[in-house]
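Asker: Take this structure, written in structure tokens, and hold onto it; I'll ask about it next.
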Amino acid sequence: MKKLVDKVQELVLERSGTLTRELLREPGGFGLGQVPSRLKPETTTTAVCGFCSTGCGLDIHLKGGTAINLSPAKDYSVNLGMACPKGWEALTPLAAKDRATHPLLKDSHGHQKKVTWETAIGTFADRIKKIQAQHGPESVAFISTGQIPFEEMALLGSLAKFEMGMLHGDGNTRQCMATGVVAYKQAFGFDAPPYTYQDFEESDVIVLAGSNLCIAHPIMWERICKNPYSPEIIVIDPRKTETAMAGTQHLPLKPKSDLVLYYAIANLLIENDWIDHEYIAEHVDGFEEYKTHVKQFSLEMAAEQTGLSPESIFRVAESIHQGKRVSLWWTMGVNQSHEGVRTAQALINIALMTGNIGRPGTGANSITGQCNAMGSRLFSNTTNLLGGHAFENELHRQKIAQILEIEEEKIPSKGGLAYDQIMEGIHRGTIKGLWVIATNTAHSWINQADAQELLKKLDFLVVQDMYTSTETAQLADLILPAAGWGEKEGCFINSERRISPLKKVCHAPGEALADFSIFRLLGKAWGAGSWIDKWDSPEAAFRLLRECTKGQPCDITGIEGYQMLDKLRGIQWPLPEGETVERRSQRRLFQDGQFYTPSGRAKLLFEMPRECAETTDDRYPLTLLTGRGTSAQWHTQTRTSKSEVLKKLYSEDPYVELNPKDARALKIHPHQWIIVESRRGKVKARAYITQICSPGQVFLPMHYAQTNQLTFPSFDPYSRQPSYKSCAVRIRTNLS
Ligand SMILES: Nc1nc2c(c(=O)[nH]1)N[C@H]1C(S)=C(S)[C@@H](COP(=O)(O)OP(=O)(O)OC[C@H]3O[C@@H](n4cnc5c(=O)[nH]c(N)nc54)[C@H](O)[C@@H]3O)O[C@H]1N2
Ligand SMILES: Nc1nc2c(c(=O)[nH]1)N[C@H]1C(S)=C(S)[C@@H](COP(=O)(O)OP(=O)(O)OC[C@H]3O[C@@H](n4cnc5c(=O)[nH]c(N)nc54)[C@H](O)[C@@H]3O)O[C@H]1N2
Ligand code: SF4
Ligand SMILES: [Mo]
């Protein structure tokens, strides 16, 4: 085997130029080399899963230096020997036929044609420099991801912002976590999810707001199933989801009425004196103002506006009072809203007022989505400067410049545009070039028809992806073929702040390269200074980033490197230099009641609820909800659709959930093809008649390409996160 690899490598060297020779020496180089030397060819190694933010440990079994199978790691505190279908099938999508194996460049007839890396990289530098010379450096932007190692994200963010003059760069985490980030920053002084998964097992009351844990984070749900205290599980979701069915209380509130509900619950807690006066006095600011604010939200008013019974709302407040260890968890039902930040903060406020934070089984807990969403929050260099710093802060800029050995003037003194503003820039013609890395904008961005038109308007669209077939790659002028999870090294940070390494256990196909190597090569071709030489391997990048966190709430200067992470089975941040941590340890934040604000106290933040941007009317009488469909489908399906096993677990045809009452009124029978239509587009889907949706609501999974043709582009004003979960639609049975 080794001989064959060497032979191929020789052949490639023979017919290649100097750049290609250089590529072969890259850490992610061509995938022709053996697995890293510290792995024995016949062995089992552990890597963190590359789909969701749960971050399960997977034991990967190698033969001849390549992965042949995997099983869930037993010796890993996150998943305790369990994995969901996606995890079990994680190796399958790597072998798909539509993998991007060579760079592709659009020719003058609009056909994407194979080119050498030399041409691809040269074209990238030429075209982007030309656009910038003509329209200014800010006319080119990048959109990145929560699904590559943070060493790669940080190199991209540094290269684009400090070297290529791209002020504007954002990521798909804007679609996902921006609300949680802003909510925490304002309330706690830093973006710091406080929990550890052990809290699922230690709570006696668990509130799940806008989270379908059974589908979206199945192994977290398994952790709840291991809770020995028969907890109350309160599910707040307009739909009777798998999670709601498994819970003990379900509140099927009207979509986007959460804020009124949480204010009314806060008012009930205060009126009944079910709050922790001591905790508030010592650790919380703004209580008197909050008390006055929530007085306006009576039980009757909340019942009227949420469509819930007063008894069911009262019962939630009473359960929170009776619980000794109450945890409140939220996901996209809260984050993807026109008032997501204030809604998330209303949940944080409940935890703070009742002293349910910093103790086992408690917390105001935002669950992240993608495998490395937390990594992108700290290290993508988009909204924040590396390591949770602020672009606006001169001392922060000085510190980062010194660590990276770059001139301070290269660091912009303000953040760039958010995702929606970049899209708006394309619309207005101020953004002419776009570089998309590991996200599928043309499918997942809100109001997709518009998004696709916008991408076509660009002078130059570069897509860096594992596959050539994604909706976005299809539109690209230049495709850069990327290695995926399993074909490269680096680290992910999961929802509970645990940093864990992934491994190179397979060779990337053809000439696909690790994103890390692609960034390095682009940087060199661009003419980046000597600073980039310090980023000569993912682990070297890790060490630089570790220095960037010094003195920050996310300080990880106590982590030596990948081996230590491996040995201790992942380490949760923070771990400052000089501190030690046990193997498989589980740690939560704020045990001392000290927050990261200047005063050390947490803040209660609130505002009057607002109506969402598009409400139903006579012409469009139904509310469309969107989200995850099954545990076997991942987002835009570029990976999960490649597995025959996973395909058996979901419907290939798009389907729309609707209530029997609405189906009867519209004379729709089960599985009939129908049209769901909004003011922006129409979608053909099969009718799935079910009590999951309340009358007046329909649900389309986001995994089908058509769903975002319907969604309405509205955004939370503080986080600029899109409100994917509410717009007005109608249904018709006439398919023409
Ligand atoms: N299988 C699978 N797992 C995944 C993913 C995947 O694609 N597939 N994606 C990952 C990612 S990136 C993310 S962000 C997470 C998302 O994880 P979740 O947020 O749990 O998933 P969603 O289905 O998007 O939304 C959750 C619920 O919000 C409800 N909802 C809609 N509107 C409202 C509202 O106004 N109020 C309330 N309270 N609830 C509302 C929906 O009915 C839905 O059941 O999942 C992660 N895990
Ligand atoms: N209607 C509706 N829309 C939604 C949502 C919703 O609830 N409803 N949810 C939103 C949320 S929370 C999210 S997170 C987004 C997700 O939206 P996307 O980020 O667009 O979804 P993915 O399918 O995960 O896209 C990841 C892309 O990266 C590629 N890729 C995977 N690994 C690598 C790698 O290592 N390197 C490179 N270069 N490429 C790689 C994959 O092939 C894929 O094309 O969707 C959002 N859109
Ligand atoms: S729950 Fe998430 S991290 Fe765990 S195996 Fe499934 S997709 Fe992977
Ligand atoms: Mo997400």
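Asker: Taking the stated definitions as given, is PHE190 at pLDDT 95 or above and buried (at least 24 other Cβ atoms within 10 Å of the Cβ)? First the steps, then the outcome.
Answerer: On the way: at pLDDT 95 or above: yes; buried (at least 24 other Cβ atoms within 10 Å of the Cβ): no.
It is false that PHE190 is at pLDDT 95 or above and buried (at least 24 other Cβ atoms within 10 Å of the Cβ).
Asker: Follow-up question, since we're still on this one. Quick one: SER257 ticks every box in (1) among the polar types (S, T, N, Q); (2) closer than 30 Å to VAL729 by Cα; (3) more than 16 Å from ligand 3 (Cβ to nearest atom); (4) in contact with a strand residue (DSSP E or B) (Cβ under 9 Å, 6 or more places away or on another chain) except a single one, so which number is it?
Answerer: All conditions pass for SER257, except number (4).
Asker: Of all the residues that make up region 354-372, how many are within 16 Å of ligand 4 (Cβ to nearest atom) and either part of a loop (DSSP other than H, G, I, E, B) or of a type in the set (A, V, I, L, M, F, W, C) (or both)?
Answerer: Of the residues in that region, 5 qualify.
Asker: Next question. If you go through region 602-646, how many residues are surrounded by 15 or more Cβ atoms within 10 Å (Cβ to Cβ) and without any contact (Cβ under 8 Å) to a residue 12 or more places away in the chain?
Answerer: Residues meeting the conditions: 1.
Asker: Further question on the same structure: Scan region 704-722 and report the pairs whose first residue is under 12 Å from SER444 (Cα atoms) and small (Gly, Ala, Ser) and whose second residue is part of a helix (DSSP H, G or I) and within 16 Å of ligand 3 (Cβ to nearest atom), with Cβ atoms within less than 6 Å and a gap of 6+ or a chain change.
Answerer: none
Asker: Something else: When you check LEU159 against the structure, is it on the phi < 0 side of the Ramachandran plot, surrounded by fewer than 24 Cβ atoms within 10 Å (Cβ to Cβ), within 15 Å of ligand 2 (Cβ to nearest atom) and of a type outside the set (D, E, K, R), yes or no?
Answerer: Spelling it out, LEU159 is indeed on the phi < 0 side of the Ramachandran plot, surrounded by fewer than 24 Cβ atoms within 10 Å (Cβ to Cβ), within 15 Å of ligand 2 (Cβ to nearest atom) and of a type outside the set (D, E, K, R).
Asker: Given the condition more than 16 Å from the chain's Cα centre (by Cα) and within 15 Å of ligand 2 (Cβ to nearest atom), answer yes or no: does some residue in region 124-145 qualify? Even if it seems obvious, please write down each step before you answer.
Answerer: Keep residues of region 124-145 that are more than 16 Å from the chain's Cα centre (by Cα), which gives 124-142.
This time we only want the ones that are within 15 Å of ligand 2 (Cβ to nearest atom), so: 124, 142.
Checked region 124-145: at least one residue is more than 16 Å from the chain's Cα centre (by Cα) and within 15 Å of ligand 2 (Cβ to nearest atom).
Asker: Taking the options ALA183, ALA244, ALA192, name whichever one is part of a helix (DSSP H, G or I) and in contact (Cβ under 8 Å) with a residue 40 or more places away in the chain. Full working, then the answer.
Answerer: Details: ALA244 fails: in contact (Cβ under 8 Å) with a residue 40 or more places away in the chain; ALA192 fails: part of a helix (DSSP H, G or I).
Checking each option against the conditions leaves just ALA183.
Asker: Inside region 643-684, can you point out the residues that are within 19 Å of ASP618 (Cα to Cα) and touching a Pro at 6+ places or on another chain (Cβ under 7 Å)?
Answerer: ASN659, LYS661, ASP662
Asker: Can you confirm whether PHE200 is buried (at least 24 other Cβ atoms within 10 Å of the Cβ), within 16 Å of ligand 1 (Cβ to nearest atom) and over 20 Å from the mean Cα position of the chain (by Cα)?
Answerer: On the way: buried (at least 24 other Cβ atoms within 10 Å of the Cβ): yes; within 16 Å of ligand 1 (Cβ to nearest atom): yes; over 20 Å from the mean Cα position of the chain (by Cα): yes.
For PHE200, the condition - buried (at least 24 other Cβ atoms within 10 Å of the Cβ), within 16 Å of ligand 1 (Cβ to nearest atom) and over 20 Å from the mean Cα position of the chain (by Cα) - is met.
Asker: Hey, any hits in region 343-361 for a residue that's within 16 Å of ligand 3 (Cβ to nearest atom) and under 19 Å from the mean Cα position of the chain (by Cα)?
Answerer: At the first step, the residues of region 343-361 found to be within 16 Å of ligand 3 (Cβ to nearest atom) are none.
Looking through region 343-361, none of the residues is within 16 Å of ligand 3 (Cβ to nearest atom) and under 19 Å from the mean Cα position of the chain (by Cα).
Asker: Related question: Would you say PHE297 is assigned to a loop (DSSP other than H, G, I, E, B) and closer than 27 Å to LYS240 by Cβ?
Answerer: Numbers: assigned to a loop (DSSP other than H, G, I, E, B): yes; closer than 27 Å to LYS240 by Cβ: yes.
Against the criterion (assigned to a loop (DSSP other than H, G, I, E, B) and closer than 27 Å to LYS240 by Cβ), PHE297 qualifies.
Asker: Scan region 278-293 for residues that are farther than 15 Å from LYS603 by Cβ and either in contact (Cβ under 8 Å) with a residue 40 or more places away in the chain or touching a Phe, Trp or Tyr at 6+ places or on another chain (Cβ under 9 Å) (or both) and report the count.
Answerer: We begin by selecting, within region 278-293, every residue farther than 15 Å from LYS603 by Cβ; these are 278, 292.
In the following step, the residues that additionally are either in contact (Cβ under 8 Å) with a residue 40 or more places away in the chain or touching a Phe, Trp or Tyr at 6+ places or on another chain (Cβ under 9 Å) (or both) were identified as 278.
Going through region 278-293 one residue at a time, the tally reaches 1.
Asker: Hey, can you tell me all the residues within region 623-677 that are within 20 Å of LEU91 (Cβ to Cβ), of a type in the set (Lys, Arg) and within 11 Å of ligand 1 (Cβ to nearest atom)?
Answerer: ARG639
Asker: The conditions are (1) away from ligand 4 (no atom under 16 Å from the Cβ); (2) part of a loop (DSSP other than H, G, I, E, B); (3) at pLDDT 95 or above, and ARG584 fails exactly one of them. Which is it?
Answerer: Single failed check for ARG584: (3).
Asker: While we're here: I need the full set of residues from region 634-651 which are assigned to a loop (DSSP other than H, G, I, E, B) and either on the phi > 0 side of the Ramachandran plot or within 10 Å of ligand 2 (Cβ to nearest atom) (or both), in order please. Give the derivation first.
Answerer: Kept after step one, since they are assigned to a loop (DSSP other than H, G, I, E, B), are these residues of region 634-651: 634-639, 643, 648-651.
Listed by number, the residues that qualify are TRP634, HIS635, THR636, GLN637, THR638, ARG639.
Asker: Would you check if there is a residue in region 407-418 being under 18 Å from the mean Cα position of the chain (by Cα), surrounded by 22 or more Cβ atoms within 10 Å (Cβ to Cβ), within 23 Å of PRO722 (Cβ to Cβ) and in contact (Cβ under 8 Å) with a residue 12 or more places away in the chain? It would help to see each step written out before you state the result.
Answerer: Here is the first cut: in region 407-418, the ones under 18 Å from the mean Cα position of the chain (by Cα) are 418.
Add one more test, that the residue is surrounded by 22 or more Cβ atoms within 10 Å (Cβ to Cβ), and what stays is none.
Among the residues of region 407-418, not one is under 18 Å from the mean Cα position of the chain (by Cα), surrounded by 22 or more Cβ atoms within 10 Å (Cβ to Cβ), within 23 Å of PRO722 (Cβ to Cβ) and in contact (Cβ under 8 Å) with a residue 12 or more places away in the chain, which makes the answer no.
The values are calculated or read from the model by the stated rules, or taken from the named source; none is laboratory data. Computed from a predicted model, the values in this text were never measured in an experiment. Positions of Cβ are generated from backbone atoms using ideal geometry, with glycine treated the same way; all protein chains shown enter the neighbour counts.
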